[in-house]
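What follows is one structure encoded as structure tokens, with my remarks underneath.
Every number in this text was worked out from the coordinates using simple rules, so none of it is lab data. This is a predicted model, so every value here is computed, not measured. Note that each Cβ is placed from the backbone with ideal geometry, even for glycine, and that neighbours are counted across all protein chains shown.
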Ligand code: PBG
């Protein structure tokens, strides 16, 4: 009879030895919690497709941020939902818009919480596309000008990190220059560098009221079939001065996270997006899977190479750790 010399089970025999040989860890330090800010007062409106996620007015956002801070989560990612939309998304750079008001309120209430802001136009335009339209297409260079205005407005309100998600060409360089010229040379840019055109954003578009009124985003977001294009986008944003890179979505793109990890020394963020969240929450609520699946999922994203994870699970995961 043959007995194996190599027995991997030796190192799995009990919880202590498993702990000793564990290769990847997740911690609350890794999490970034997304929040949707709307106008008005005392508003906390549930998003039907995202259990436990709400659009909140500034008062509720501050209460939520105090809780997030207490859980030890280091950062939130803010999305603004304006009540007024127009063709050029002008509310996006209103210094007294809901988002800008929220930034100021959070920064004065929470001393141990970073505020990252999503810079984009899809929530602010009446057509739901991520910039200014020309002949039914997003005009890249015209959009760069208003992206800079939006980023500056966030920085003036006190944003700690600017995160452009629009996918226009040249936006990182343009925003970097605008920030530098206006005294914000120390404000970092987290680039949504590798962002695919994905059906996993479905529930977010309900949350942010940002579904395109016609067509889709395939003329600016990346084709899910492309891997080499991820290198190109990442290199471009590094060259333009990005401080951190993001891959989005996360779960169907773990291979891309791995590749971008190998390509750059910059901190790498993965966005565990709305559709990924909703599928898991649905299965948990139906009793089909154990809730621990949340930590397993987040672990897989870190194992693939992400340093940080933007996730709607952040609060729950912080409590479970
Ligand atoms: C804005 C933006 C989107 C998401 C983040 N920023 C939607 C989109 O590109 O359509 C998606 C986030 C999520 O699904 O959780 N451009």
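Please give the helix 140-157 orientation as an angle from the longest Cα principal axis of the chain, in degrees from 0 to 90, rounded to the nearest 10. Tilt of helix 140-157: around 80 degrees.
When only Cα pairs under 8 Å and 6 or more residues apart are kept, what is the percent relative contact order across the chain? If you can, show how the numbers build up before the last one.
On the way: 624 pairs, mean separation 58.6, N = 321.
Over the chain, the number comes to 18 percent.
Could you check how many percent of all C-alpha pairs in region 167-260 are farther apart than 15 Å? Here the tail beyond 15 Å accounts for 64 percent of pairs.
How far, in degrees from 0 to 90, does helix 293-304 lean away from the longest principal axis of the Cα atoms of the chain, to the nearest 10? The angle comes out near 80 degrees. Diffusion coefficient of region 154-204 by Stokes-Einstein, Kirkwood radius over Cα pairs, 10 °C, 1.306 mPa s: 130 µm²/s. Max-minus-min Cα coordinates of the chain on each principal axis give 76, 44, 38 Å, with the largest extent listed first. Computed from Cα positions, the angle between helix 228-239 and the longest principal axis of the chain comes to roughly 60 degrees.
Output the direction-averaged projected area (hull surface divided by four) of the convex hull of the alpha-carbon atoms of region 208-271, in nm². Please report the intermediate quantities before stating the final value.
Working: hull surface 21.2 nm².
If I average the Cα hull's projected area over directions, I get 5.3 nm².
Note on the chain: GNM, Cα springs under 10 Å; of 62, 21, 247, the largest mean-square fluctuation is that of 21. By the beta-carbon count within 10 Å of each Cβ, the least crowded to most crowded order of 117, 125, fewest first, is 125, 117. Pair-distance distribution P(r) for region 1-44, from all Cα-Cα distances in 10 Å bins starting at 0: 18, 22, 19, 14, 13, 9, 4, 1 percent. With the helix formula -39500 (n - 2.57) applied to DSSP H stretches of n ≥ 4, the chain reaches a computed 222 nm mean residue ellipticity of -11500 deg cm²/dmol. Over all distinct Cα-Cα pairs of region 165-321, the Kirkwood formula returns a hydrodynamic radius of 16.6 Å. For region 214-290 versus region 61-123, the spacing of their alpha-carbon centroids is 22 Å. Taking other Cβ atoms within 10 Å as a rough exposure proxy, 107, 232, 85 sort from fewest to most as 232, 107, 85. Using C-alpha pairs below 8 Å separated by at least 6 residues, the relative contact order for region 146-281 is 26 percent.
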